[in-house]
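Inspection log for the structure reproduced underneath, given as structure tokens.
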Amino acid sequence: NAPDPGPRQGQLPTDPMLVNGPVVNRALLNQLFPPTALTRNTGTVQFDSPDRQMPRSTQASFGYERQVGRTMSMGADYIHNEGRNWVGYDLNPGFRVDTTRTGRINRTDLLGLANQLGLPPFQGSVNSRFDYTGKTRYDGLNLQFERRFSGFWSARAGYTLGYARGNNNGASLASNNFQVLAEKNLDMNSGPLDTDRRHNFTVNGRIEVPRTGGLTVSALFRYMSGRPFTIHDSNVDVDRNGILVDPLPAGEYTGAGANTITVKNDGGRNGAYGPDYMQLDARFGYRVRMRARTLDVFAEVFNVTNRSNFTNPSGDRRMNFLVLNGLVAGGFPRQLQIGTRLGF
């Protein structure tokens, strides 16, 4: 019930199902689980309760907007959101025999559920969600400036300064990686939510270039600061709870090898922030009027600066530590498309 210790020692797998691998021992597999035979599911169990309470959210916002001149407006909004959601609690928690990655995990049935149900002991976690012990909070300031189309141009800019945090990662079925036997240790699970973006800035505009007879130029620019992730080392299980994501101490960490980054880690869950996001898109168009018809010719350029926007790297010091190897939404280099449109 833990990683095979053989490969870590430069040996072939020692588990009976993989001995002298990498081919699975099919004969042993058929012996333990004969074809067509019914066997008990020994994986993770989801345990529900009729007493559980549904998650809830309390929101408040205050805003002010004012016209400036004849064509412009400025506004500011403060947004506050507090949530109560489920955080998983393991009724059959594990406790490793030592702090090594490969140490065996022994489990304790906290409520004696197996006996109550007349079943053999559970082999894995029994996750429950009785109440909403999870707490999340978001505070944000939204600023906006807008100029309606007048003369030959229009523009809009928006900026959000936000902070999302809680004693879980904000997922609808959040897990708690700090439970040790019956202790929830939710205070150790406190930190930024996975969706936390401290800065978010967007500006877009459109210009009808004077004295060109119909040339228009528009653009969209967006910048977002990085999302948080946890710096840890899955080589060791410090709290011995069988979950290998114990955060490393605060400090500065640098990856090894090519295409790595250096991050400042505040410690705890989601103590570091990954790379930021920035992209500029533009459109150039020209309209020719032909009595009752119009002909539009346009060119659209995506990712004008040809910037690579990376997803968060692995925060696990055991492998691929702080290596940038994935792009946001699949990523793409600079792209250009040209089109025409006839209106009649």
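The values are calculated or read from the model by the stated rules, or taken from the named source; none is laboratory data. Not measured: the values here are computed from a predicted model. Using ideal geometry, Cβ is built from the backbone for each residue, glycine included, and neighbour counts are taken over all protein chains shown. Keep in mind that these areas ignore ligands, DNA and RNA; they rest on the heavy atoms of the full protein, side chains included. Shrake-Rupley method; radii C 1.70, N 1.55, O 1.52, S 1.80 Å.
For I338, I231, give the ranking by accessible area with the largest first, probe 1.4 Å.
Values: I338 130, I231 0 Å².
So the residues, ranked largest to smallest area, are I338, I231.
Give me the accessible area per residue for the chain, probe 1.4 Å, as a whole number in Å². Before the final figure, lay out each step's value.
Details: 20810 Å² over 344 residues.
Per residue, the chain has an accessible area of 60 Å².
How long are the semi-axes of the equivalent ellipsoid of segment 73-137, taking √(5λ) for every eigenvalue λ of the Cα gyration tensor, in whole Å from largest down? Display every interim value, and only then the final one.
Numbers: eigenvalues 322, 66, 10 Å².
Working from the Cα gyration tensor, I get semi-axes of 40, 18, 7 Å.
Report the label-to-label distance for T42 and Y223 in nanometres (one decimal), using points 7 Å from each Cα along the Cα→Cβ vector.
5.5
So for segment 164-275, Kirkwood radius off the Cα pairs, Stokes-Einstein at 25 °C and 0.890 mPa s: how many µm² s⁻¹?
Details: Rh = 17.1 Å.
Value of D from the Cα-based Kirkwood radius: 144 µm²/s.
What fraction of the Cα pairs in segment 1-42, stated in percent, has a spacing above 11 angstrom?
Values: 599 of 861 pairs.
The share of Cα pairs beyond 11 Å in segment 1-42 comes to 70 percent.
How are the Cα pair distances of segment 285-344 distributed, in percent, across 10 Å bins from 0?
19, 26, 19, 16, 11, 6, 2
Distance between Cα centroids, segment 92-122 to segment 1-41: provide it in whole Å.
Their Cα centres are 21 Å away from one another.
Taking all protein chains as present, what is the carbon and sulfur share of the accessible area of segment 224-280, in % to the nearest whole number, probe 1.4 Å?
On the way: 1340 of 2440 Å².
So the carbon and sulfur contribution to the accessible surface is 55 percent.
Hey, what's the Kirkwood Rh for segment 94-253 if you take every pair of different alpha carbons, in angstrom? All intermediate terms of the calculation are to be shown ahead of the outcome.
Details: mean 1/r = 0.0491 Å⁻¹.
It works out to 20.4 Å.
Which value, in debye to the nearest 20, describes the size of the charge dipole of the chain about its Cα centre when Lys and Arg Cβ atoms bear +1, Asp and Glu Cβ atoms bear -1, and nothing else is charged? Write down the numbers at each step before the final one.
Details: 39 positive and 29 negative charges, 366 e Å.
In total the dipole reaches around 1760 debye.
Let's test the formula: R0 of 51 Å, r as the Cβ-Cβ distance of A292 and H199. What FRET efficiency results, to the nearest 0.05? Walk me through the numbers on the way to the answer.
Numbers: r = 49 Å, r/R0 = 0.95.
The formula returns an efficiency of 0.55 here.
Can you compute the FRET efficiency between D98 and L215 using 1/(1 + (r/R0)^6), with r the Cβ-Cβ distance and R0 = 51 Å? Round to the nearest 0.05. Could you put the intermediate results ahead of the total?
Working: r = 72 Å, r/R0 = 1.40.
Result of the calculation: an efficiency of 0.10.
Test of understanding: what is the full-extension gain from D281 to D15, defined as 0.36 nm times their sequence separation minus their Cα-Cα distance? List each step's numbers first, then the result.
Details: separation 266, 0.36 × 266 = 95.76 nm, distance 5.36 nm.
Extending this stretch completely gives an extra 90.4 nm.
Between S172 and E146, what is the label-point separation in nm under the 7 Å Cα-to-beta-carbon projection?
3.1
If I model a spin label at L111 and R156 as a point 7 Å from the Cα along the Cα→Cβ vector, what separation in nanometres do I get?
Taking the simple label geometry, L111 and R156 are separated by 5.0 nm.
Between E252 and R137, what is 0.36 nm times their sequence separation minus the Cα-Cα distance? Round to one decimal in nm.
Details: separation 115, 0.36 × 115 = 41.40 nm, distance 2.71 nm.
Stretched fully, the E252-R137 segment lengthens by 38.7 nm.
Pulled fully out, how much extra length does the chain show between R8 and N235, if you take 0.36 nm times their separation in residues and subtract their Cα-Cα distance? Intermediate values should be presented prior to the final figure.
On the way: separation 227, 0.36 × 227 = 81.72 nm, distance 1.02 nm.
Stretched fully, the R8-N235 segment lengthens by 80.7 nm.
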